[in-house]
Amino acid sequence: YSNWDAQLAEQDHSERSFFHCTAWANVLAETYGYKPFYFVKDESGALRSLLPLMEVNSMLTGRRAIALPFTDNCAPLCATKIGFKELFRNAIELGKLRAWNYLEFRGGQKFFAGMPPSLSFYGHSLDIPQDDSAFFGQLKSSVRRAIRKAEKSGVRVEISRDFDAMKNFYSLHCRARKKHGLPPQPFSFFKCIQKHILAKNLGIVALARLEKTPVAGSIFFFDGGPAIYKFGASDETFQHLRGNNLVFWEVIRWLSKCGAKKLDLGRTSIVNEGLRRFKLGWNAEERKIEYFRFSLQQKKFISTEDESSGWHTGFFRRLPLFVSRMIGQVLYRHWA
């Protein structure tokens, strides 16, 4: 499909998201070398059903197909369960030929009725307001106070798409990952996001600054459909200034001016009550996001464990940041 993104935009799929488009596929393929296998069904040259997969081939974690790596939610786009089953059977046959250990689907619960999910998360989304003053009044009082505090403290938000803004965000990202006991993604990943997404006006970096110092930042994707909050980070030293709250507020106002109707806040671990409260404070609607993993060896859907927390978090908190960055550079391609 030479006009893939235009074909997607024409289809009336309620779960179509930015992650189904070519820009995100290019980021994953160029950064990590994943091989795309997108199963489609068309009618008269028009794309009707889609099951996007990326093959991850790792000496450490094995060979498998994921829809899609480093993606919070990427449901199959099929009008009926029968249409999905046809694409699923085709994916199984290819998986046998390519020796995949399993297929992992991130979202699309309606196609897996009765199957055990491998993982479950909270998902949140909110309607973008046309009237920001009315929307502000609907926010939790703690969120309103945080926004006002940031403004009174002299924090200001800049919305940008340039490479320097991405570098500033990455510095915040590395500090935040250390705080949470996780290695940061390689900078090459964010360079590709800037190249394939931000530089093509498909996303933004929003940075909160105190004078010239970045104190918080977030990355959002927006291609005319639902906007997506993808990454957030902050400097713990300035946490009391509530820069993250001001970033969200200014981006919501910016999205409203751009004509966005909805903002997807991504997934939240079931055990991360703090992040869940933060998202609910914006009057967000909560739902469940479920992943499903089909083992080709066992020929059935299997359960797994959320590996976002555990013994390794304490280990990475103690590591020097440059060492953690080196580990992240090596591991993320295998982790997916």
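The values are calculated or read from the model by the stated rules, or taken from the named source; none is laboratory data. Here the structure is a predicted model, which means the values were calculated and not measured. Neighbour counts run over all protein chains shown; Cβ positions are idealised from the backbone, glycine included. These accessible areas exclude ligands, DNA and RNA; they are computed on the full protein's heavy atoms, side chains included. Shrake-Rupley method; radii C 1.70, N 1.55, O 1.52, S 1.80 Å.
If you line up the long axis of helix 141-152 against the longest principal axis of the chain, both from Cα atoms, how many degrees apart are they, to the nearest 10?
Tilt relative to the chain: about 60 degrees.
What angle, in degrees between 0 and 90 and rounded to the nearest 10, separates the Cα long axis of helix 321-335 from the longest principal axis of the Cα atoms of the chain?
Rounded to the nearest ten degrees, it is 30.
Given a 1.4 angstrom probe, what's the average accessible area per residue across the chain, in square angstrom?
48
From zero up to wherever the largest Cα-Cα distance of the range 136-278 sits, split into 10 Å bins and tell me the percent of pairs in each.
It works out to 11, 42, 39, 8, 0, in whole percents.
Name the residue farthest towards the positive end of the dipole of the chain from the options LEU319, HIS20, THR213, assuming +1 on Cβ of Lys and Arg, -1 on Cβ of Asp and Glu, about the Cα centre.
Towards the positive end, the residue furthest out is LEU319.
Straight distance only, please: which aspartates and glutamates reach the Cα of LYS96 with their own Cα at less than 18 Å, same-chain residues fewer than 8 apart left out?
Within the straight-line cut-off, LYS96 pairs with GLU55, GLU86, GLU104.
Can you give me the pair-distance distribution of the chain, C-alpha pairs, 10 Å bins, whole percents?
Reading upward from the zero bin: 5, 24, 35, 25, 10, 1, 0.
Could you look at the chain and say what percent of its accessible area is carbon and sulfur, using a 1.4 Å probe and all protein chains?
50
Straight distance only, please: which lysines reach the Cα of LYS110 with their own Cα at less than 17 Å, same-chain residues fewer than 8 apart left out?
LYS81, LYS85, LYS288
Can you tell me the relative contact order of the chain? Whole percent, Cα pairs under 8 Å, sequence separation 6 or more.
Working: 621 pairs, mean separation 81.2, N = 336.
RCO, the chain: 24 percent.
Can you list residues whose amide H is under 5 Å from CYS74's amide H, if they're 5+ apart or on another chain and H is modeled 1.01 Å from N?
LEU68, ARG106, GLY107
What angle do you read, to the nearest 10 degrees and between 0 and 90, between the alpha-carbon axis of helix 163-180 and the longest principal axis of the chain?
Around 80 degrees separate the two axes.
Hey, if we sort MET166, MET326, MET59 by accessible area with the 1.4 Å probe, largest down, what's the order?
MET59, MET326, MET166
If you only keep lysine pairs separated by 8 or more in sequence, or across chains, how many in the range 152-217 come under 28 Å at the Cα atoms?
Summing the qualifying lysine pairs gives 19.
Sort 110-117, 61-68, 284-291 by packing, meaning the average of other beta carbons within 10 Å per residue, with the highest value first. Display every interim value, and only then the final one.
Values: 110-117: 13.8, 61-68: 21.4, 284-291: 16.8.
Per-residue mean Cβ counts within 10 Å order the peptides as 61-68, 284-291, 110-117.
Give the Rg (one decimal place) followed by the Dmax (whole number) of the range 1-141, computed from C-alpha coordinates and expressed in Å.
17.4, 57
Alpha carbons only, please: Rg and Dmax for the range 231-323, in angstrom.
Rg then Dmax for the range 231-323, in Å: 18.1, 52.
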